[in-house]
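Single-structure report; data block below.
None of the figures in this text is laboratory data; all of them are computed from the coordinates on show. Predicted model only: the values in this text are computed from it and were never measured. Cβ atoms come from the backbone with ideal geometry, glycine included; neighbour counts cover every protein chain shown.
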Amino acid sequence: MSEELPPSPDEIEKGNPDARAEMWRLTGTFSFIGIEFGVAALIGFFAGSWLDEQFDTAPLLTLVLMFLGFAAATRDLFRLVRKHRKQLADEDRGRGVADDEGA
């Protein structure tokens with residue numbers, strides 16, 4: 001993991017290869033969130049639809065499984081954000097930057 005804050009726009013514009021690589025790494029990490037929500041909804045929809053046909057419970061299981069898919073994706077979103085915030089806080093502490101959340 002990088003020990004620096006995300007690259008500033010000035011670093012990226014100047015063509016710093018490390019800054020560009022970090023920018024793309026963060027972009028890939030956080031753009032995955034949208035894909036995860038979509039996939040979770042589709043899995044819930046198709047699995048719920050199939051189960052509804054099997055047990056004649058339409059649309060109950062479809063809605064329940066879609067909700068569970070969104071809940072799982074939301075949980076992963078919060079885990080990712082918490083991990084990233086902790087990483088940034090650790091990096092700030094390493095450089096001696098004051099923690100605003102404790103005030």
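Just a few scattered comments:
- FRET efficiency for residue 68 and residue 90, using Cβ-Cβ distance with R0 set to 35 Å, rounded to 0.05: 0.60
- Approximate spin-label separation residue 60-residue 33, in nm, with each point projected 7 Å along Cα-to-Cβ: 3.5 nm
- Extension gain for the segment residue 47 to residue 76, taken as residue separation times 0.36 nm less the Cα-Cα distance, is 8.4 nm to one decimal.
- Taken one residue at a time, the phi angles of segment 59-76 give Karplus couplings (6.51, -1.76, 1.60, θ = phi - 60°) of x, 4, 5, 4, 5, 5, 5, 5, 4, 5, x, 5, 4, 5, 5, 5, 4, 5 Hz. Gly and Pro are set to x.
- Once both labels are positioned 7 Å from their Cα atoms along Cα-to-Cβ, the gap between residue 21 and residue 83 label points is 2.0 nm.
- Order of 23, 66 - criterion: other Cβ atoms within 10 Å of each residue's Cβ, fewest first: 23, 66
- Using θ = phi - 60° in the Karplus curve 6.51 cos²θ - 1.76 cosθ + 1.60, the 3J(HN,Hα) couplings for segment 28-40 round to x, 4, 7, 6, 4, 4, x, 5, 4, 5, x, 5, 4 Hz; x is entered for Gly and Pro.
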